[in-house]
1. Residues in the stretch 150-162: is at least one touching a residue at least 12 places away in the same chain (Cβ under 8 Å) and within 16 Å of the ligand (Cβ to nearest atom)?
2. Can you name the number of the only condition in (1) within 11 Å of the ligand (Cβ to nearest atom); (2) part of a loop (DSSP other than H, G, I, E, B); (3) out of contact with any His (no Cβ under 7 Å at 6 or more places or on another chain) that T171 fails?
3. Using the structure shown, decide if E55 is within 16 Å of the ligand (Cβ to nearest atom) and buried (at least 16 other Cβ atoms within 10 Å of the Cβ).
4. Give the residues of the stretch 361-371 that are in a helix (DSSP H, G or I) and under 23 Å from K194 (Cα atoms), sorted by residue number.
5. Could you list, in sequence order, all residues of the stretch 178-208 that are open to solvent by less than 10 Å² (accessible area, probe 1.4 Å), within 14 Å of the ligand (Cβ to nearest atom) and not in a strand (DSSP E or B)?
6. If I filter the stretch 324-345 down to residues being at pLDDT below 95 and within 14 Å of the ligand (Cβ to nearest atom), which single residue comes out as nearest to I370 (Cα to Cα)?
7. Given the criterion open to solvent by 80 Å² or more (accessible area, probe 1.4 Å) and in contact with a Leu (Cβ under 9 Å, 6 or more places away or on another chain), identify the matching residue among K314, K340, K374, K328.
8. If you take just the strands (runs of 3 or more DSSP E) that sit entirely in the stretch 246-347, which of them hold at least 3 residues that are closer than 29 Å to D151 by Cβ and under 19 Å from the mean Cα position of the chain (by Cα)?
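The values are calculated or read from the model by the stated rules, or taken from the named source; none is laboratory data. Because the structure is a prediction, the values reported are computed rather than measured. Cβ: placed from backbone, ideal geometry, glycine included. Neighbour counts: every protein chain shown. With ligands, DNA and RNA removed, areas are computed over all heavy atoms of the protein, side chains included. Shrake-Rupley method; radii C 1.70, N 1.55, O 1.52, S 1.80 Å.
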Amino acid sequence: MENQTFILHSIAVDPLTGSISTPIYQTSTFVQEAPGVHKGYDYARSNNPTRATLENLIAKIENGSHGFAFGSGLAAIDAVIKLLKYGDEIIAVEDIYGGAYRLLTHIYEKFGITVQYVDSTDATNIENAISSKTKLIWIETPTNPTLKITDIEAVAKIAKNKQILFCVDNTFASPASQLPLELGADLVVHSATKYLGGHSDLIAGLVITKIPELAEKIKFIQNASGAILSPFDSWLVIRGIETLTLRVKQHSENAQKIAEFLTQCPQIKNVYYPGLPSHPNHAIASAQQKYPGGIISFDLINDSKETATEIVTKTHYFKLAESLGGVKSLICLPCEMTHKSIPREKRYQSGVSDSLIRISVGLEDVEDLITDLKHALETALNH
Ligand SMILES: Cc1ncc(COP(=O)(O)O)c(C=O)c1O
């Protein structure tokens, strides 16, 4: 079965009514025949049929066995970190998403969970950082915003060998492009706010695994901590997933052309895009991802935050906003927006300079997007 057919037909028809669109079960509780005798649902924090449809769908398309839906990507990350205990150590990708860094540093450090950040593009850096306390390896690939790629299979081998949990944040690639569980990861998380939702109209997070004991623990945490996704937002994510592969393919086609255009601009220093043969991890990206994705970052030779600010405020179709992965193009300045919570020195270490601009390439006609960027670059750079 082709991917798109598989996705569309992994969404169950409502068994009660035959409704082809998943019904939104907007309820807090379910009537029981006798105490504890019910149709599989008792209270909507524990389980809800609309959320269950999304959870089963994401489990299928990530090639897992269990999926769990949360109120945000960060709530999904939080649920995975709660698998750990006082004294445990995490090895995490160096240029981790700023919000995950904030969660680990400002919430979990005070509970005695420590983190070592390493450049995971070389898996031996992870191996060398492992201690007897290491209980979790955490990577994003591609990373946000410098699009570094980690070899998932190589890290999975190290993690298995040392019996350490291995989680991949698959937000940037999406399951249309990359399947970390197939490559040996134990857990996958998503900010479903991005490509899975796909329309910049919701905040949601997902966790997927195919290990029953892990599924049981995440289910327990989801219910005990209570950061669940609402029925309506579950429905929106289901609807987004219906067109996921089509969107990711087109986002990638547009982004490839834009990345090639940006490499021609003499005032741009680096263009970070895994689809460019000049990208240092191009080979592994091509091997483990079906599509290079819709996100591009670039920085300026003069590394001026002021000039970068002018560029991001001069585009017309690329709207200045946080987030990514929607049908409409977005542009942002990570040092002042998504990555503001990361200290400047640490930010520079992972390549996020003051002039680094991240764009989320949407589904507009690519010629219009190139004209828009060209105009903003010329206006900001040539005066
Ligand atoms: C890679 C990655 N993971 C997780 C998150 C957090 O997701 P959310 O904003 O849905 O909480 C983000 C948000 O930008 C992200 O980019």
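1. Start the filter on the stretch 150-162 by keeping residues that are touching a residue at least 12 places away in the same chain (Cβ under 8 Å), which leaves 150-160, 162.
Retained after the next criterion (residues that are within 16 Å of the ligand (Cβ to nearest atom)): 150, 152.
Checking the stretch 150-162: at least one residue is touching a residue at least 12 places away in the same chain (Cβ under 8 Å) and within 16 Å of the ligand (Cβ to nearest atom).
2. (3)
3. Working: within 16 Å of the ligand (Cβ to nearest atom): no; buried (at least 16 other Cβ atoms within 10 Å of the Cβ): yes.
It is false that E55 is within 16 Å of the ligand (Cβ to nearest atom) and buried (at least 16 other Cβ atoms within 10 Å of the Cβ).
4. Narrowing the stretch 361-371 to residues in a helix (DSSP H, G or I): 366-371.
Correct list: V366, D368, L369, I370.
5. Q178, P180, A192, Y195, L196, G197, G198, A204
6. Within the stretch 324-345, the subset at pLDDT below 95 is 334-345.
Then drop every residue that is not within 14 Å of the ligand (Cβ to nearest atom), which leaves 334, 337-342.
Numbers: P334: 21, M337: 24, T338: 24, H339: 26, K340: 28, S341: 31, I342: 31 Å.
Within the stretch 324-345, the match that is nearest to I370 (Cα to Cα) is P334.
7. Details: K314 fails: open to solvent by 80 Å² or more (accessible area, probe 1.4 Å); K340 fails: in contact with a Leu (Cβ under 9 Å, 6 or more places away or on another chain); K374 fails: in contact with a Leu (Cβ under 9 Å, 6 or more places away or on another chain).
Only one candidate passes the filter, namely K328.
8. Working: elements: 268-272, 295-300, 330-332.
Passing ranges, in order: 295-300.
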